[in-house]
Amino acid sequence: MAQIIDGKALAQKMQKKLAEKVARLKAEKGIVPGLVVILVGENPASQVYVRNKEHSALAAGFKSQVVRLPESTSQEELLDVIAIYNADTSFHGILVQLPLPDHINEEAVLLAIDPNKDVDGFHPMNMGRLWSGHPVMVPCTPAGIMEMFKDYHIDLEGKHAVVIGRSNIVGKPMAQLLLNKNATVTLTHSRTHHLAEVAKKADILVVAIGRGHFVTKNFVKEGAVVIDVGMNRDENGKLIGDVKYDEVAELASYITPVPGGVGPMTITMLMEQTYESALRSVNR
Ligand code: NAP
């Protein structure tokens, strides 16, 4: 039976340490990390995410601000707001909550954020830094998964890692982070032939597709480490992962549950990266 990777406990441990680091930074250098989250429109899921981010930022001792803009906000108006926070040195992290309304070009918005404040790691410059092997700001979900490997002493060097899903926010940066740690990486997607066979070769299997219980025991080699990024609702509205947990847990050596696995680490890494950005600002 697999050992559970407890993301909730690790996130709590990291957040406690972070609050201590923030207090020290304030006492020694007079700097308070600042995070602004910009939300356009009324998307209910986004509102919950933004509230959670605000809550975590305040718990860490940050200066926290949420800018709520109406659905009708034009792209130019949004870019003007971003420019204000790019120039404001009391903010070290700027996050524009996605998705944006259809009339706003997401790429133009992500490009407008100062890469030094891009705590989500979505700016092309930060993507490029990651791909060239010199990451600075990294998308928070895969960054959180790397912290899990570290905390559980899961060695990646020379291992075969298979990532299912190639989104810019999870799959692609995950593959690159694994490669940077000397894993041999296979990045798969909806057009991959014989996916179960490919996945079954993995020592490390990361699943980020968004299909409830898609990955069954037929995808998993005995002893594999299985990371489930998926967040889906079943027919009763219950939160479930992309992995069929009960049967895969019997085969795997380590597994992340849903909920309580990858999810809590994502927001923790957002706070960590804001803190790191504040630290770097001292030397700029
Ligand atoms: P996404 O942008 O929709 O990308 C999904 C990826 O999965 C795509 O690359 C797609 O392939 C691939 N895929 C879809 N169906 C597939 C299939 N049948 N076989 C193989 N590959 C398939 O999703 P995402 O943003 O990466 O999110 C993935 C899941 O993680 C979602 O459930 C999301 O809610 C969850 N998530 C959780 C967190 C967290 O903090 N826990 C954070 C982010 C996302 P193609 O590219 O070929 O279309």
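Couple of notes before you dig in:
- The numbered conditions (1) on the phi < 0 side of the Ramachandran plot; (2) out of contact with any Phe, Trp or Tyr (no Cβ under 7 Å at 6 or more places or on another chain); (3) touching a residue at least 24 places away in the same chain (Cβ under 8 Å) are all true for LYS238 except (3).
- Qualifying residue in the stretch 190-204 (condition: crowded, with 22+ Cβ neighbours inside 10 Å, within 22 Å of PRO99 (Cβ to Cβ) and under 20 Å from the mean Cα position of the chain (by Cα)): no
- Contact map, the stretch 123-143: first residue under 11 Å from GLN176 (Cα atoms), second residue at pLDDT below 95 and outside any loop (DSSP other than H, G, I, E, B), Cβ cut-off under 6 Å, separation 6 or more or different chains; the map is empty.
- Pick from the stretch 171-206, criterion of a type in the set (Ser, Thr, Tyr) and farther than 15 Å from ALA224 by Cβ, ranking: nearest to the ligand (Cβ to nearest atom): SER190
- Conditions (1) closer than 22 Å to LYS201 by Cβ; (2) more than 12 Å from the ligand (Cβ to nearest atom); (3) crowded, with 18+ Cβ neighbours inside 10 Å: number failed by ILE113: (1)
- Residue match in the stretch 84-91 (condition: within 23 Å of LEU279 (Cα to Cα), within 21 Å of the chain's Cα centre (by Cα) and of a type in the set (Val, Ile, Thr)): no
- All conditions in (1) within 14 Å of the ligand (Cβ to nearest atom); (2) more than 22 Å from PRO135 (Cβ to Cβ); (3) in contact with a strand residue (DSSP E or B) (Cβ under 9 Å, 6 or more places away or on another chain) hold for VAL220, with the sole exception of (1).
- Complete set of residues in the stretch 38-80 that are of a type in the set (Val, Ile, Thr) and touching a Ser or Thr at 6+ places or on another chain (Cβ under 8 Å): VAL40
- Any chance LYS172 is of a type in the set (Lys, Arg) and within 19 Å of the chain's Cα centre (by Cα): yes
- All strands (runs of 3 or more DSSP E) inside the stretch 4-100 with 3 or more residues being without any contact (Cβ under 8 Å) to a residue 60 or more places away in the chain and of a type in the set (A, V, I, L, M): 34-40, 63-69
- Single residue of the stretch 123-170 satisfying the filter (assigned to a loop (DSSP other than H, G, I, E, B) and within 15 Å of the ligand (Cβ to nearest atom)) that is farthest from ASP242 (Cα to Cα): VAL138
- Residues (among the β-branched types (Val, Ile, Thr) and buried (at least 19 other Cβ atoms within 10 Å of the Cβ)) located in the stretch 205-218: VAL206, VAL207, ILE209, VAL215
- Residue list for the stretch 178-222, restricted to those being farther than 12 Å from ILE164 by Cα and in contact with a Pro (Cβ under 9 Å, 6 or more places away or on another chain): LEU178, ASN180
- The stretch 223-269 - residue that is more than 21 Å from ALA161 (Cβ to Cβ) and of a type in the set (Asp, Glu) and, of those, nearest to the ligand (Cβ to nearest atom): ASP234
The values are calculated or read from the model by the stated rules, or taken from the named source; none is laboratory data. The shown structure was predicted, so the numbers you read here are calculated from the model rather than taken from an experiment. Every residue, glycine among them, receives a Cβ derived from its backbone with ideal geometry; neighbour counts consider all protein chains shown.
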